[in-house]
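Every read-out reported here was derived from the displayed coordinates using simple, explicitly stated rules and does not represent laboratory data. These numbers come from a predicted model, not from an experiment. Neighbour counts run over all protein chains shown; Cβ positions are idealised from the backbone, glycine included.
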Amino acid sequence: MRIGALEAGGTKMVCGVGNEFGQIECLEKFPTRTPETTMPQMISFFKEHKIEALGIGCFGPIDLHKESTTYGCITSSPKEAWRNYNILKEFSKELACPIGLDTDVNAACLGEMEYGAAKNCKNVIYITIGTGVGMGICAEGTLLHGVMHPEAGHMFVKRLPSDSFEGTCPFHKDCLEGLVSGGAIGARYGKKAYEIPVQDVAWTYTAHYIAEAIANLILTLEPERIILGGGVMEQEQLLFLIQKEVISLLHGYLGIKQLHKIEDYIVRPGCKGDQGVLGALLLGRNELSK
């Protein structure tokens, strides 16, 4: 099979071609500009490679209900040019092949479960902390959807008393994304994450809020593994600080064995940055098999 994969992110669109075994043949990246600019580039790429199916992991919010009149439509996205744009409809019209669709973080979660850090797990949370904050959740082997899909990157966390930063989320100000995303860090400190010293108090704040969100998720879903990806998580010291803070926040309330070996419980991705594309390949494969 020749399967196309699209990891559609707020900053870049990663287009790939591979097969049903997760072998990636080629990748090409396009900046996420406007649909008028970026869509023709991606359509041309997939047409050139003569794909049999396409899997799309897309930034959201996005309408994933097949019975909806706006199925495949990006809804209230901060990316104004893409707001109310039906990305699925446009690809379907141009490519005429089966297309599997889910969120970018659900696709990454799927990729990690098949090929990465969550093999043999049925209950997994994948969190990406980069330009924005998103979460993909798999419960009992099924990617989680409800009225819409998880938007837990916008969950509300309790701001530390010493923190006067109001947050950057255009909808909620100091939700999780508004406090710890790459954009929030830049607005708070006037620097990129990689420019901030390892010992800076910035990482105390960032680790605390991420750990607070994770503690809430553990109490709610009790996942078998939690995977932290995205550009902000490339700061080496951050994972250890988060692990330590999660243990502190839960304060022995849960006796689950995973917390006694937290370095194997809250982990980095295992797919070396390809989890989104690999997950999209699986979405395409699954749609083709139907």
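If the cut-off is a Cα-Cα distance under 27 Å, which lysines reach Lys173, setting aside same-chain residues fewer than 8 apart in sequence?
Straight-line reach from Lys173, under 27 Å: Lys12, Lys79, Lys158, Lys191, Lys192, Lys244.
Please report, in debye to the nearest 20, how large the charge dipole of the chain is about its Cα centre when each Lys and Arg carries +1 at its beta carbon and each Asp and Glu carries -1 there.
Around 80 debye, computed over the chain.
Using only Cα atoms, find the angle between the long axis of helix 201-221 and the longest principal axis of the chain, and express it within 0 to 90 degrees, rounded to the nearest 10.
70 degrees
Filter the GluC sites (Glu not before Pro) in region 101-144 down to the DSSP loop ones having no more than 12 other Cβ atoms within 10 Å, then list what survives.
Taking region 101-144 and a limit of 12 other Cβ atoms within 10 Å, the loop GluC sites (Glu not before Pro) found are Glu140.
Can you list the lysines whose alpha carbon sits under 18 Å from that of Lys89, skipping same-chain ones fewer than 8 residues off?
Excluding near neighbours in sequence, the set is Lys47, Lys66.
Take the Cα atoms of region 1-160, build their convex hull, and give its volume per residue in Å³.
Taking the convex hull of the Cα positions in region 1-160, it is 130 Å³ per residue.
Answer with a single label: of (1) 18.1, 52; (2) 18.7, 56; (3) 23.3, 87, which was calculated as Rg and Dmax of the Cα atoms in Å from the structure in view?
Label of the calculated value: (2).
Nearest 10 degrees, 0 to 90: what angle lies between the long axis of helix 236-250 and the longest principal axis of the chain (Cα atoms)?
60 degrees
Report the Cα-based extents of region 234-273 along its three principal axes, largest first, to the nearest Å.
That gives 34, 17, 10 Å along the principal axes, largest extent first.
Please say if region 175-290 is rounded, prolate or oblate, where rounded means a/c under 1.5 for a ≥ b ≥ c the square roots of the C-alpha gyration tensor eigenvalues, and otherwise the choice is prolate for a/b larger than b/c and oblate otherwise?
Verdict is oblate for region 175-290.
Compute the Rg to Rh ratio over region 92-188 from the alpha carbon atoms, using the Kirkwood formula for Rh, and round to two decimal places.
1.08
Taking the DSSP beta bridges in the chain as the whole, what percent of them are antiparallel, to the nearest 5?
Beta bridges within the chain, antiparallel portion: roughly 60 percent.
From the convex hull of the Cα coordinates of region 198-243, what is the mean projected area in square nanometres?
Averaging across all directions leaves 3.2 nm² for the Cα convex hull.
Please identify, among Thr37, Thr75, Thr206, the residue showing maximal mean-square fluctuation in a Gaussian network model of the chain using a 10 angstrom Cα cutoff.
Thr37
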